[in-house]
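Please read the structure below before turning to the comments.
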Amino acid sequence: MTTSSEPTFRQSVDLMFNRAVALMDLPPGLEEKIRVCNATYTVRFGVRLRGEIRTFTGYRSVHSEHMEPVKGGIRYSPEVHQDEVEALAALMTYKCALVETPFGGSKGGLCIDPREYDEHELERITRRFAYELAKRDLIHPSQNVPAPDMGTGEREMAWIADQYARMNTTDINARACVTGKPINAGGIVGRVEATGRGVQYALREFFRHPEDVAMTGLSGRLEGKRVIVQGLGNVGYHAAKFLSEEDGVQITGIIERDGALFDPAGLDVEAVHRWIQAHGGVKGYADGAFSPDGAALLEAECDILIPAALEGVINLTNAARVKAPLIIEAANGPITAGGDEILRKRGCVIIPDMFANAGGVTVSYFEWVKNLSHIRFGRMQRRQEEARHQLLVDELERLSSDSGVGWTLSPNFKERYLRGADELELVRSGLDDTMRTAYQAMRAVWHGREDVHDLRVAAYLVSIGRVAESYRAKGL
């Protein structure tokens, strides 16, 4: 991963923050207040497993409470440590501000390899971790709302929500204590795909601006572009799936923990994903050339590189050899501060994580609102919308019949026009609008200021500015 001479993940976030605030006119005290992490709680708890008591270490970090509740995922990984959790919490603050979700930034982690435990053991561990956090209001619908992250998913969120509800039996909003839940436990349609879908919408918006595309040396539309994806987990899989199926890109490379696959003609994302689910990696997959050195494929020729796995995978040791003219950070912090500087000097355009990775928290916001309103999206207006559309179609058909013109509506028009939007369509619409609006806010700074030369600094300027205004509105 990164070298010892390179800043840690948390230091990289601070360095990128400092690059931005150097271009702002903030009072030193307010600058410090925005930068520092407000609090980090470390919990060590025991669970009786396999005839003995095992002790686990977990963290919940709150970076900024300029808005509440604070929001951020919980990850399960043996590499979890305090610095990582605090860096991710800081990114959540800036991410939420950039996409205008009304949350402060938080993050949680449990130092555990979930593959080493059975499902019933993981449930006991998760419920105890949730108990330790909830009794200190570090899980709470109006104070701190977790979500899935690396190593966790709908299952773990359902356990956490149920544990909170058991501890707060009269809280009518208990389901809003966590997002990313299964549909039947208060979740929202479209949440699982949300971060990957956000990556797709981010790229679509980027390619709507020819002058931005030209800065990469590329041209034309998204269709036909060669893409390498690192990590075919939830985010990488959905991003690759949607881009290949709906936008016509070629997924020429897929990097996983046991190696990489490469095929210049394009890989079948669904087939590779099924293989990984069955075999735990890409080794042995029939199509494409396999290489055990997956990291080397980060340096292969392509149009767009999507790092969707761990932080720090592009760093001082390999950044100079990365050939992609456009990188979109689907993971949190995949490029270190040192790697970022090398790539920028080479002219590479980087769509930063705090924007590209924001689909998850955006749809989590929609889920939280759904839980607080106690009604699914579309329930009130869908049929009324269909009835109004039916009036127009009926009138068009009457005019055609009365005038004797005899024209007919296009095939499938009636069916498509008459169908009112369901929850999934509304969620995707809201996410698309969010990603477009956030990109345009970054772009206005990127192109509007002579001292801003990249999208990352532009993103930090927008988000830090919004956090600063929130604090000023509080009287700080």
Item checked: the stretch 23-86: radius of gyration over Cα atoms, expressed as a fraction of 2.2 N^0.38 Å -> 1.56
Next item on the list: Apply the Debye scattering formula to the stretch 39-185, with a single equal point scatterer on each alpha-carbon and no solvent, then give log10 I(q)/I(0) at q = 0.08, 0.13, 0.16 Å⁻¹.
Entry: -0.19, -0.52, -0.79
Note to self: Counting other beta carbons within 10 Å of each residue's own, what order do GLU367, GLU469, GLU450 fall into, fewest first?
What the structure shows: GLU450, GLU469, GLU367
Check: Starting at 0 and stepping by 10 Å, how many percent of the alpha carbon pairs of the chain end up in each bin?
Finding: 4, 19, 29, 26, 15, 5, 2, 0, 0
Notebook entry, point to check: Can you give the convex hull volume per residue for the Cα atoms of the stretch 99-222, as a whole number of Å³?
Noted result: 156
Note to self: Which lysines, if any, have their Cα less than 21 Å from the Cα of LYS135, not counting same-chain residues under 8 positions apart?
What the structure shows: LYS71, LYS107, LYS181
Next item on the list: Using 0.36 nm per residue of separation minus the Cα-Cα distance, give me the extension gain between ARG44 and LEU392 in nm, one decimal.
Entry: 119.0 nm
Notebook entry, point to check: Taking Cα pairs under 8 Å and at least six residues apart, what relative contact order does the chain come out at, in percent?
Noted result: 16
Checklist line | Gyration tensor over alpha-carbon atoms, the stretch 357-406, equivalent ellipsoid semi-axes in Å | finding: 41, 14, 4
Item checked: Label zone at PHE413, where the point sits 7 Å out along the Cα-to-Cβ direction: the stretch 348-386 residues whose backbone N lies under 19 Å -> 386
Check: What ranking do PHE9, PHE206, PHE56 get, fewest neighbouring Cβ atoms within 10 angstrom at the top?
Finding: PHE56, PHE206, PHE9
Item checked: Mean ellipticity per residue at 222 nm, deg cm²/dmol - from DSSP H runs of n ≥ 4 across the chain, formula -39500 (n - 2.57) -> -14000 deg cm²/dmol
Note to self: For the stretch 314-383 and the stretch 203-218, what is the centre-to-centre distance using only Cα atoms, to the nearest Å?
What the structure shows: 17
Checklist line | Protection proxy ranking, peptides 127-137, 324-334, average beta carbon neighbours within 10 Å, highest first | finding: 324-334, 127-137
Notebook entry, point to check: Where does the Debye-calculated log10 I(q)/I(0) of the stretch 217-347 sit at q = 0.19, 0.21 Å⁻¹, using only Cα point scatterers of equal weight, no solvent?
Noted result: -1.04, -1.25
Note to self: Along each principal axis of its Cα atoms, how long is the stretch 99-171 end to end? Whole angstroms, biggest number first, please.
What the structure shows: 37, 32, 19
Notebook entry, point to check: With r defined as the distance between the Cβ atoms of GLU425 and ASP25 and R0 fixed at 45 Å, what FRET efficiency is calculated, to the nearest 0.05?
Noted result: 0.55
Next item on the list: Just rank HIS389, HIS63, HIS453, fewest to most, by other beta-carbon atoms within 10 angstrom.
Entry: HIS453, HIS389, HIS63
Next item on the list: Per residue of the stretch 369-378, in order, report the coupling 6.51 cos²θ - 1.76 cosθ + 1.60 (Karplus, θ = phi - 60°) as ³J(HN,Hα) in whole Hz, putting x for Gly and Pro.
Entry: 4, 4, 5, 6, 8, 6, 8, 6, 5, x
Item checked: Sites matching GluC sites (Glu not before Pro) across the stretch 7-89 that sit in DSSP coil, with at most 14 neighbouring C-beta atoms within 10 Å -> GLU79
Next item on the list: Any aspartates and glutamates with Cα under 14 Å of the LYS323 Cα? List them, leaving off those in the same chain fewer than 8 positions away.
Entry: GLU299, GLU301, ASP303, ASP340
Item checked: Environment charge at ALA265 (Cβ cut-off 11 Å; Lys +1, Arg +1, Asp -1, Glu -1) -> -2
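Every number here is computed from the coordinates shown, using simple stated rules; none is lab data. On a predicted model such as this, the values are computed, not experimentally measured, just so you know. Every residue, glycine as well, gets a Cβ built from its backbone with ideal geometry; the counts of neighbours run over all protein chains shown.
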